[in-house]
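The structure under discussion appears below in the form of structure tokens.
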Amino acid sequence: MRIAVFANGCFWCTEAVFAMLRGVGSVKPGYSNGAECIKIEYDPAVISYNDLLTVFFNTHDPTTLNRQGNDIGTEYRSAIFYIDDEQKDLAEKTLKELDSAKAYDRAVVTEVTKLSEFKEAKDYHHEYYKNHEGQPYCELVIAPKLEKMQKRFSELLK
């Protein structure tokens, strides 16, 4: 198993998105460099780091600085916390490809930073969507993301 760490908005949302992917063993919400992020344990024989990057860039807005939807602040920034040089190279290559293709109307502001630490969030935050599906935030914010995920990445789902 390998590890990937991404910050792309509220970890309640991102945990639920990445937990849907085949080859993902676990997704833990937490914090790194002041950002809400998720630590993904995945099997590279089943899902590649490039696939994870594709899902990452297609399930949040990487062009908004310190913001995702109504969540505002540096803790909601877009970031890839790489574990090794291979992840760093793949992340930087993906950023260049997105810029070259003009994939977004604005510049991508995703930071690529070496993971220095990961502090796991309190138990209350784990599997938040699964445990609180009926709450308004889950119904209005997370559920639509999961529906888009099912349509867009059906070949990657469990």
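Rule-based calculations on the coordinates, nothing more; no lab input. Bear in mind the structure is a predicted one, so any value in this text is a computation, not a measurement. So basically every Cβ, Gly included, is an ideal-geometry build from the backbone, and we count neighbours across all protein chains shown.
The figures follow:
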read-out: Residue that is surrounded by the most Cβ atoms within 10 Å (Cβ to Cβ) [pool: residues in the stretch 46-62 that are aliphatic (A, V, I, L, M) and closer than 18 Å to residue 84 by Cα]; value: 52
read-out: Residue satisfying all of: in the stretch 86-107; in contact with a strand residue (DSSP E or B) (Cβ under 8 Å, 6 or more places away or on another chain) and under 20 Å from residue 66 (Cα atoms); surrounded by the most Cβ atoms within 10 Å (Cβ to Cβ) among these; value: 91
read-out: When residues of the stretch 63-84 are limited to those that are out of contact with any Lys or Arg (no Cβ under 6 Å at 6 or more places or on another chain) and on the phi > 0 side of the Ramachandran plot, the one surrounded by the most Cβ atoms within 10 Å (Cβ to Cβ); value: 69
read-out: Number of positions in the stretch 112-148 that are closer than 30 Å to residue 96 by Cβ, crowded, with 16+ Cβ neighbours inside 10 Å and not polar (S, T, N, Q); value: 5
read-out: Residues located in the stretch 88-127, provided they are closer than 20 Å to residue 11 by Cβ, assigned to a loop (DSSP other than H, G, I, E, B), in contact with a helix residue (DSSP H, G or I) (Cβ under 7 Å, 6 or more places away or on another chain) and of a type in the set (A, V, I, L, M); value: 121
read-out: Residue pairs meeting the criteria (Cβ under 7 Å; at least 6 apart or on separate chains; first part of a helix (DSSP H, G or I), in the stretch 138-155; second among the aromatic types (Phe, Trp, Tyr)); value: 138/129; 142/12; 142/129
read-out: Residue in the stretch 54-73 that is in contact (Cβ under 8 Å) with a residue 40 or more places away in the chain and in contact with a Leu (Cβ under 6 Å, 6 or more places away or on another chain) present; value: no
